[in-house]
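Asks: So that we are looking at the same thing, I have put the structure below in structure tokens.
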Amino acid sequence: MVTIKLVIVICLAVVAGFIFNIGRSSAQTNQVETAGQKFKSIKVLNDMPADQMGKVMNMISASLGVNCSFCHASNDADYEKEGFEHKDTARKMIKMVFDLNKANFNGRPEINCNSCHNGKSHPQPSFPLAPMPQPEPRPAQPAVKPTADQIITKYLTALGGAEKLAKAKSRAITATRVEPDGKTTEAETIWLSDKAYRSDTMYGKSVVTEIFDGTDGKKFGDAAPIELKPDEAEQIKREGQLFFPANIKTIYPKLEFRALEKIDGREVYTVFATTANNLNERLSFDVATGLLVRRTVSSRTLFGNFVYQVDYADYKDFGGIKMPATTHYAMPHIRWTRKLGEVKMNVPVDASKFTSAK
Ligand code: HEC
Ligand code: HEC
């Protein structure tokens, strides 16, 4: 009993430290804006930090396998409107989940909407009539752990080697964004130069631009700035940074081997990667090929971890270095795929591309 209590106390201390750090870095105030303060019609999520709202709504939607309009007036506006039966039911369910976790799990978010709903809006009581497939056990861990340095060296070699990577500076790339239905696509253009990155995605006549100017991640809709949360800006930054894998040790000053795992039946080395501003990500490298196959970032919410996952696949040679020709992006309720088309190496790219979305 004593050891269990001790473990819980230590975990809580880590969580508290984590939240405290974020609060301090985002603003000098120690008061985090709550959903109750920011949003118009809140009855149960009052004390949740306001910036978790989007993530939590995505997690709820994914758990029930529905769009926002299942509970709201529409999929993209008027979320504060009342008079929707499913919204009221959802409030009861949110309260039930809080009560269950409080009464049984010391308030830890062990139970969430997905525990019962599992992707369905209306769960039916049922029991398995045949044994359910069990998750693959974790593979036996290597007797001698590889070092992060060895893993990174093998990765850079697999991509073409440090020398060739250093020569791949500016690039102009055509790509396609494929939506989850597999049919809807948008044309993309990507520019890279030195450390900077820009992508333009065409939605009909509208264009969404993401820029990493070497310092910050930014987003624009038809050249007008779109306000980003710090973690969204950070992910645009990382997207740009990782087009220059030779810099990986600068991107993540702390890299630490975590475990041998399996992804889609293949063995991977998973590495804990910490950025200079102390954000934690996980990188998984295929043991056989050395290539990076997955990157995940999780952030805590009241309903458990919100995971953003990027899968790199289909590595091909583009002008002497390997790049993933297919990249799958996923977070609760949102998925898309980027497929690279033509890559023009070391073509002149105007520096103004990275200073303005015009
Ligand atoms: C299963 C039902 C359900 C789904 C699906 C759902 N929501 Fe909600 N949403 C709620 C409930 C319930 C509240 C109010 C929570 C409260 O009272 O504390 C809410 C509140 C909100 C609010 C705050 C509105 C305000 O000003 O009071 C926003 C914004 C929001 N939802 C966005 C979304 C988005 C975006 C999606 C789709 C990705 C979505 N929701 C999907 C149930 C849902
Ligand atoms: C302990 C299991 C459990 C959990 C956890 C749970 N639900 Fe449910 N939920 C149910 C069951 C069972 C039903 C169907 C009830 C019925 O048939 O009347 C349901 C029904 C609903 C409905 C009505 C759907 C319809 O088609 O009428 C909504 C909306 C809903 N849940 C939202 C949520 C949300 C949001 C969460 C997480 C905050 C959640 N539920 C967590 C068990 C659960």
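The values are calculated or read from the model by the stated rules, or taken from the named source; none is laboratory data. For clarity, every value in this text was computed on a predicted model and none was experimentally measured. Heads up, the Cβs are rebuilt from the backbone with ideal geometry, glycines too, and the neighbour counts pull from every protein chain shown.
Okay, residues lined up against (1) at pLDDT 95 or above; (2) more than 10 Å from ligand 2 (Cβ to nearest atom); (3) in the same structural domain as Ser69 (by TED's automatic domain parsing); (4) loosely packed, with under 13 Cβ neighbours inside 10 Å:
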| site | (1), (2), (3), (4) |
| --- | --- |
| Glu82 | yes, yes, yes, yes |
| Glu85 | yes, no, yes, yes |
| Arg91 | yes, no, yes, no |
| Ile94 | yes, no, yes, no |
| Val97 | yes, no, yes, no |
| Lys102 | yes, yes, yes, yes |
| Phe105 | yes, yes, yes, yes |
| Cys113 | yes, no, yes, no |
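Asks: Counting just the residues of region 21-40 that are modelled with pLDDT of 95 or more and in contact with a strand residue (DSSP E or B) (Cβ under 9 Å, 6 or more places away or on another chain), which one comes out surrounded by the fewest Cβ atoms within 10 Å (Cβ to Cβ)?
Replies: Kept after step one, since they are modelled with pLDDT of 95 or more, are these residues of region 21-40: 33-40.
Checking the rest, the ones that are also in contact with a strand residue (DSSP E or B) (Cβ under 9 Å, 6 or more places away or on another chain) come to 33-35.
Values: Glu33: 13, Thr34: 16, Ala35: 19.
It comes out as Glu33.
Asks: Could I ask something else about it? Taking region 260-301, which residues are within 20 Å of Glu234 (Cα to Cα), in contact with a Leu (Cβ under 8 Å, 6 or more places away or on another chain) and without any contact (Cβ under 8 Å) to a residue 40 or more places away in the chain?
Replies: Result: Phe272, Ala273, Thr274, Leu283, Ser284, Arg294.
Asks: Could you please tell me which pairs satisfy a Cβ distance under 8 Å, a separation of 6+ or placement on different chains, a first residue in region 119-130 that is touching a residue at least 24 places away in the same chain (Cβ under 8 Å), and a second residue that is within 13 Å of ligand 1 (Cβ to nearest atom) and of a type in the set (A, V, I, L, M)?
Replies: Gly119/Ala62; Gly119/Leu64; Lys120/Leu64; Ser121/Leu64; Ser121/Val66
Asks: Residues of region 323-358 being surrounded by 19 or more Cβ atoms within 10 Å (Cβ to Cβ) and under 17 Å from Leu165 (Cα atoms), which ones?
Replies: Hits for region 323-358 are Met323, Pro324, Val343.
Results for (1) within 25 Å of Met323 (Cα to Cα); (2) within 20 Å of the chain's Cα centre (by Cα); (3) of a type in the set (D, E, K, R), shown as yes or no for each residue.
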site	(1), (2), (3)
Ile211	yes, yes, no
Phe220	no, yes, no
Pro225	no, no, no
Leu228	no, yes, no
Ala233	yes, yes, no
Arg238	yes, yes, yes
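Asks: Let me ask something additional. Got a number for residues in region 84-138 being acidic (Asp, Glu) and within 30 Å of Glu267 (Cα to Cα)? Walk me through how you get there before you give the answer.
Replies: Taking region 84-138 as the starting set, the residues that turn out to be acidic (Asp, Glu) are 85, 88, 99, 110, 136.
Now restrict to residues that are within 30 Å of Glu267 (Cα to Cα): 110, 136.
Residues flagged as acidic (Asp, Glu) and within 30 Å of Glu267 (Cα to Cα) within region 84-138 amount to 2.
Asks: Further question: From the set of residues in region 93-144 that are more than 16 Å from ligand 1 (Cβ to nearest atom) and of a type in the set (D, E, K, R), which is farthest from the chain's Cα centre (by Cα)?
Replies: Lys102
Asks: While we're on this one: Quickly run through region 55-87 and pick out the residues that are within 6 Å of ligand 1 (Cβ to nearest atom) and in a loop (DSSP other than H, G, I, E, B). Quick ask: steps written out before the conclusion?
Replies: Narrowing region 55-87 to residues within 6 Å of ligand 1 (Cβ to nearest atom): 57-58, 60-61, 64, 66, 68, 70-72, 79-80, 86-87.
Within region 55-87, Val66, Cys71, His72, Tyr79, Glu80 qualify.
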